[in-house]
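Worksheet for the structure shown next.
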Amino acid sequence: MKSIKVFAPATVANVSCGYDVLGFAVSQPGDEVVMHLNSSGKVSLDVIMGDEGRLPRDPAQNTASAVVINYLKHIGVAQGLSIELYKKMPFGSGLGSSSASAVAGLVAVNELMGRPLTREQLLPFAMEGERLACGYAHADNVAPALLGGLVLVRSYHPLDVVKLPVPEGLACALLYPHVEIPTKEARSIIKSQVPIEDAVTQWGNVAGLVAGFCTGNLDLIGRSMQDVIIEPVRAMLIPYFYEMRQLALDHQALGFGISGSGPSVFALCRNEDAAKQVTQVLSGMLSEKNIGCDTFVSSINLEGAIMC
Ligand code: HSE
């Protein structure tokens, strides 16, 4: 194989109560990487489309290529590669844009090299891409983008990730209001101390959410999508967050929350029709307030990144 094209999906990190430990992949949007082998002995980033010139052109600074450089170093191969990155999702949006690029790059190079590493073994390289993008190597976007489905990061030291079952038919409504919140900033405003009462509420909800996914209990999933630690701080950065949540819940969303570090928000719904209805009412409300947005309705992506 000399060339390959890989699609890696957007992801919803945190899933409300699981800051840095839970995330799921959606079917769309996502990023594409096209990669060609060559004899230059170097990794070059030759095309970036869809970023309006805003992403780094230096291969060592762009997540799609930086992770590939580290990967090749690790497997000890001085392979020349040309990378084309097609950004097909908004960035600075809370939809895991930097992880989609990194994961697409890693899956592509791993395939071209004859798949010496498993998807799980690619995870630490993808996490380093997150460190480059936002200063912290969190795994709750890259793990679901690589593995698909809903992933629990049970531990960071040592790294232990668990792919959880996803109830059939579950759908996600995503809405990206056109305001930008860099992940670095959204992390810097979080309080470093948590009152024990809030911690008790939060771990009850994390356990409830995991139990809901494992048993297919949609009402339990909905009840557990409550974040008393991170969301109250970050919601202030998102226009009409609480109004959107009320509207979504009034229109049959099981639960509603911030996608990753925002400003995107998401609702889990019983099926795609319900998710469509939620995106319609929310985007209608924002448009009345003169705030533009993009919406996506998607099933949960069980496969993660794929060759296309
Ligand atoms: N867990 C990360 C955060 C996800 O909330 O900062 C960033 O998309």
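The values are calculated or read from the model by the stated rules, or taken from the named source; none is laboratory data. Values in this document were obtained by computation on a predicted structure and should not be read as measured data. In this analysis, Cβ positions are derived from the backbone assuming ideal geometry, glycine residues included, and neighbour counts consider all displayed protein chains. Ligands, DNA and RNA are stripped out before the accessible areas are found, and what is left, the full protein with its side chains, is counted by its heavy atoms. Shrake-Rupley method; radii C 1.70, N 1.55, O 1.52, S 1.80 Å.
Can we say R119 is within 16 Å of the ligand (Cβ to nearest atom), farther than 21 Å from G80 by Cβ and out of contact with any Gly (no Cβ under 6 Å at 6 or more places or on another chain)? No, not satisfied. Looking at region 211-308, the helices (runs of 4 or more DSSP H) lying wholly inside it that each contain 1 or more residues that are more than 16 Å from the ligand (Cβ to nearest atom) and surrounded by 21 or more Cβ atoms within 10 Å (Cβ to Cβ) sit at 218-224, 241-250, 272-288. Hey, any hits in region 35-57 for a residue that's within 16 Å of the ligand (Cβ to nearest atom) and either outside any loop (DSSP other than H, G, I, E, B) or of a type in the set (D, E) (or both)? Within region 35-57, none of the residues are within 16 Å of the ligand (Cβ to nearest atom) and either outside any loop (DSSP other than H, G, I, E, B) or of a type in the set (D, E) (or both).
Restricting attention to region 159-193 and to residues that are assigned to a loop (DSSP other than H, G, I, E, B) and within 15 Å of the ligand (Cβ to nearest atom), the residue that is least open to solvent (accessible area, probe 1.4 Å) turns out to be I181.
When you check V26 against the structure, is it within 16 Å of the ligand (Cβ to nearest atom), more than 30 Å from P232 (Cα to Cα), open to solvent by less than 30 Å² (accessible area, probe 1.4 Å) and outside the structural domain of L268 (by TED's automatic domain parsing), yes or no? So V26 does not fit the description; no. Taking the listed residues L117, L72, the one that is assigned to a loop (DSSP other than H, G, I, E, B), out of contact with any Cys (no Cβ under 8 Å at 6 or more places or on another chain) and surrounded by fewer than 19 Cβ atoms within 10 Å (Cβ to Cβ) is L117, with no other qualifying.
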